[in-house]
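Below: the structure, in structure tokens.
Just so it is clear, none of the values below were taken in a lab; they were calculated from the coordinates. Because the structure is a prediction, the values reported are computed rather than measured. Neighbour counts are summed over all protein chains in view; Cβ atoms, including those assigned to glycine, are modelled from backbone coordinates with ideal geometry.
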Amino acid sequence: MTNPVVLLDQVSPQDEAHPLLARLGVEQILAQPAGSAAPSSTPELPVHTPITGQVIARLRETSEAEASDAIEAAHRAFLVWRSVPPPRRGELVRVFGEELRAEAAALGRLVTLETGKILSEGLGEVQEMIDICTFAVGLSRQLEGRTIASERADHRMMETWHPLGVVGVISAFNFPVAVWSWNAALALVCGNAVVWKPSEKAPLSALATHALFLRAAAKVGGVPPGLCAVLLGGVRLGELLVDSPWISLLSATGSTAMGRAVAPRLARRFGRALLELGGNNAAIVCPSADLDLTLRAVAFAALGTAGQRCTTLRRLIVHQSIYPEMIQRLKQVYRSVVVGDPRAAGTLVGPLIDQRSYAAMQAALQEARSHGAQVTGGERVAVATADAEAGNAAFYVRPALVEVADQIPVVKRETFAPILYVLPYRELEEAIALHNDVSQGLSSSIFTLNMREAEQFLSASGSDCGIANVNIGTSGAEIGGAFGGEKETGGGRESGSDAWKQYMRRATNTINYGTRLPLAQGVSFEIEPGQG
Ligand code: NAD
């Protein structure tokens, strides 16, 4: 199987990415001749590392003709793959999981280079990929339908699930490979082909993942060519997936603004959507909370990935009786947390992805100040990296704590940066109302040792999010549960539980094994014998 759509122009041999790409097999797939649809020139895609702000590679963008070819090839592959027994499809995913296990350190480091997340989080992302492969392999022997009671004698009614077609995946920069694997592992065992447009900010990790997939496919044998493809580029290629009639399901992860553009456009052709969009996650800290545990959980949820997770904790709603202690301890953490080169031991907060993200953070802090909020931190930090002093193009910041009396407009928006808004509350009902009074609905937590408070938060009148936790933070979900959120988060569910059903089409079958033809609802429709 080849990937005809990309060609590497330059990865600086001095750069740390170079040996990683060689090891992971990216150079080999890029060295293959371009497909017949390859134009002589398409726009260049420069790849930056946020660690120093430097360009570490220049790729050629996939042309529209190449992308269309890849989608059609995926459709042809689907026509073969859908008839392969699911446990054999699972074997491909199992071997891919083995490739990931063998190369976890290299792929995790590449994720760190491209996204700036600390090494442990880069590795964690690969572990998540391994875990979903394990889940999908089990699933490949458990895809199931149900038998339903029929109102008619001598009839059997059942539900069967069939492969859907080509699944398009659009992914965001902050989980450059895990999001694809959540979709692809399930889509593949369900009998689909997958065409992926990764974030234009993290194409190298995507290429490395694709190279490992190709290795697995070669080992397993019998995998139809084009079953998985990668398209490199930006919005234009995303739109091509949205509009292509060959894409049966589009799973799109990114900002709510992206979802607003994609969803109606997809609906115009009745395309199926699985949307995983922005969050504005909150935690309520009750008087009985274990404050040591709460502080650790809040620190990971708010500071992890430098505040650039969809599930990052952005709002902390603290009971007024413990507010002074909580804010004082948080300030200590925010002042002392190590901001620096994400490859260095001890660093907990790496860089922001780019200048735009830094500007958005500063604008949000300025807006909060103008509403009377008290801001601690938020300033740019000079960092010495392992290579050199990070230049002007790298954006390291001290995370910001923002004390606000109520939810001013900026608090209700998602700013994709390490800003934690802290608000006091008096009654739990008031805290839950504040919690739900935003347009996003991804992840939520309550910290309490009071069983009534915990259950109220999880009940129908509690958190309105897709994820609601007790005594753990908002981020770091396990793959076994369905992942996703409500309202402007898009309503999609990925990963565990029964999320697999979205990657299949459902058929209701009714079988008459008798000699009569009773009609449902008792309808009578008798024709004379011999008539017709
Ligand atoms: P983004 O919206 O800028 O881009 C995401 C992807 O969508 C990219 O691949 C981009 O090329 C593509 N895209 C953008 N506009 C498009 C359009 N009109 N048509 C087709 N494709 C389009 O997001 P980002 O900055 O990469 O990521 C951060 C955002 O993603 C945050 O809002 C974060 O909350 C969200 N996110 C959500 C989840 C989740 O599971 N809910 C997970 C990760 C990130």
Over the stretch 100-151, what number does the Rg to Rh ratio reach, with both radii from the alpha-carbon atoms and Rh per Kirkwood?
-> 1.37
Regarding the stretch 462-504, what whole-number volume in Å³ per residue does the convex hull of its Cα atoms give?
-> 82 Å³
Added length on full extension, which subtracts the Cα-Cα distance from 0.36 nm per residue, Val338 to Ser83 = 86.5 nm
Just tell me the longest site-free run in the chain, where the sites are chymotrypsin sites (Phe, Trp or Tyr not before Pro) in a DSSP loop having at most 12 other beta-carbon atoms within 10 Å.
-> 1-269
With a/c under 1.5 counting as rounded, go ahead and sort the stretch 190-348 into rounded, prolate or oblate using the C-alpha gyration tensor (a ≥ b ≥ c being the square roots of the eigenvalues; past the cut-off, prolate if a/b is larger than b/c, else oblate).
-> prolate
Would you kindly give the portion of the calculated P(r) for the stretch 69-128 that falls above 15 Å, as a percent of all Cα pairs?
-> 62 percent
With a ≥ b ≥ c taken as the square roots of the eigenvalues of the C-alpha gyration tensor of the stretch 281-483, please select rounded if a/c is under 1.5 and otherwise prolate if a/b is larger than b/c or oblate if it is not?
-> prolate
If the chain between Ser321 and Val235 were fully extended at 0.36 nm per residue, the gain over the current Cα-Cα distance would be 26.1 nm
With runs of 4+ DSSP H residues as the only contributors, calculate the mean residue ellipticity of the chain at 222 nm using -39,500 (n - 2.57) per run, divided by the residue total and rounded to the nearest 500.
-> -11500 deg cm²/dmol
Cα→Cβ-extended label distance, 7 Å offset, between Thr515 and Glu367, nm = 7.5 nm
Pairs Lys412/Lys501; Lys331/Lys487; Lys331/Lys412; Lys117/Lys197: which are spaced more than 26 Å apart, C-alpha to C-alpha?
-> Lys412/Lys501; Lys331/Lys487
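Evaluate 2.2 N^0.38 Å with N set to the residue count of the stretch 393-532, then give the Cα radius of gyration divided by it.
Normalised Cα radius of gyration, the stretch 393-532: 1.76.
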Taking N as the number of residues in the stretch 431-505, what is its Cα Rg relative to 2.2 N^0.38 Å?
-> 1.16
A correct Kirkwood calculation over the Cα atoms of the stretch 88-245 returns a hydrodynamic radius in Å of 16.7 Å
Rounded to two decimals, what ratio of Rg to Rh does the chain give with C-alpha atoms and a Kirkwood Rh?
-> 1.02
